[in-house]
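Q: Sharing a structure, written as structure tokens. Questions coming.
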Amino acid sequence: QVQLVESGGGSVQAGGSLRLSCAASRLTFSSYGMGWFRQAPGKKREFVAAINRSGGSTSYADSVKGRFTISRDNAKNTVYVQMNSLKAEDTAVYYCAATSLSDLSRQYGYKIWGQGTQVTVSS
């Protein structure tokens, strides 16, 4: 069974940093674009960042641009997001997901999802 498992979430003060990891299993990892999404309480799930199959192209939501960095290690079947200068509004459950489509920013293209990891930023 294909699995994506996120880790690295937790509680941090505003201005702090966290690195989330997402490990894939039973998936030809290098064949998929990978994305990070988040959902805050009472809000819709939103796009955060994405990276193409090779890792050579990335995209970010305007709200995290300059603060978050997505990367991947195809040898380890893992995608990461380094989150710096965290704000209270970054508090959410963060999900990683895999897509076989070239348009990385569209949620509908992501067919494989992890279970999510909570990030809480206190001000």
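The values are calculated or read from the model by the stated rules, or taken from the named source; none is laboratory data. Being a predicted model, the structure only gives us computed values, none of them experimental. Counting neighbours? That spans all protein chains shown, and the Cβs are built from the backbone with ideal geometry, glycine included. Heads up: the accessible areas ignore ligands, DNA and RNA and are worked out on the full protein's heavy atoms, side chains in. Shrake-Rupley method; radii C 1.70, N 1.55, O 1.52, S 1.80 Å.
Q: Ala98 fails exactly one of the following numbered conditions: (1) modelled with pLDDT of 95 or more; (2) open to solvent by 20 Å² or more (accessible area, probe 1.4 Å). What is the number of that condition?
A: Every listed condition holds for Ala98 apart from (2).
Q: (1) part of a loop (DSSP other than H, G, I, E, B); (2) under 20 Å from Val5 (Cα atoms); (3) not β-branched (Val, Ile, Thr): which one isn't true of Tyr80, the others all being true?
A: (1)
Q: Which condition number in (1) in contact (Cβ under 8 Å) with a residue 12 or more places away in the chain; (2) assigned to a loop (DSSP other than H, G, I, E, B); (3) over 12 Å from the mean Cα position of the chain (by Cα) is the one that Val64 fails?
A: With respect to (1) in contact (Cβ under 8 Å) with a residue 12 or more places away in the chain; (2) assigned to a loop (DSSP other than H, G, I, E, B); (3) over 12 Å from the mean Cα position of the chain (by Cα), Val64 is out only on (3).
Q: While we're on this one: Suppose we filter the stretch 29-55 for residues that are surrounded by 15 or more Cβ atoms within 10 Å (Cβ to Cβ), closer than 16 Å to Asn77 by Cβ and without any contact (Cβ under 8 Å) to a residue 40 or more places away in the chain; how many remain?
A: The qualifying residues number 2.
Q: Turning to a different aspect of this structure: Are any residues in the stretch 74-86 more than 19 Å from Ser17 (Cβ to Cβ) and open to solvent by less than 60 Å² (accessible area, probe 1.4 Å), and if so, which ones? Please lay out each step first, then the result.
A: Of the stretch 74-86, the ones more than 19 Å from Ser17 (Cβ to Cβ) are 74-77.
Selection gives Asn74, Asn77.
Q: Does Thr58 meet the test of being open to solvent by 60 Å² or more (accessible area, probe 1.4 Å) and of a type in the set (Val, Ile, Thr)? Before you say what the answer is, go through the steps one by one.
A: Numbers: open to solvent by 60 Å² or more (accessible area, probe 1.4 Å): yes; of a type in the set (Val, Ile, Thr): yes.
Yes: the conditions hold for Thr58.
Q: Do you know which residues across the stretch 67-116 are of a type in the set (Lys, Arg) and without any contact (Cβ under 8 Å) to a residue 60 or more places away in the chain?
A: Step one: list which residues in the stretch 67-116 are of a type in the set (Lys, Arg), which gives 67, 72, 76, 87, 106, 111.
Passing the criteria: Arg67, Arg72, Lys76, Arg106, Lys111.
Q: Can you tell me which residue is farthest from Leu86 (Cα to Cα) among those in the stretch 7-28 that are touching a Gly at 6+ places or on another chain (Cβ under 7 Å) and open to solvent by 10 Å² or more (accessible area, probe 1.4 Å)? Steps first, answer last, please.
A: Filtering the stretch 7-28 down to residues touching a Gly at 6+ places or on another chain (Cβ under 7 Å) leaves 18-22.
This time we only want the ones that are open to solvent by 10 Å² or more (accessible area, probe 1.4 Å), so: 18-19, 21.
On the way: Leu18: 8, Arg19: 11, Ser21: 17 Å.
Among them, the one singled out is Ser21.
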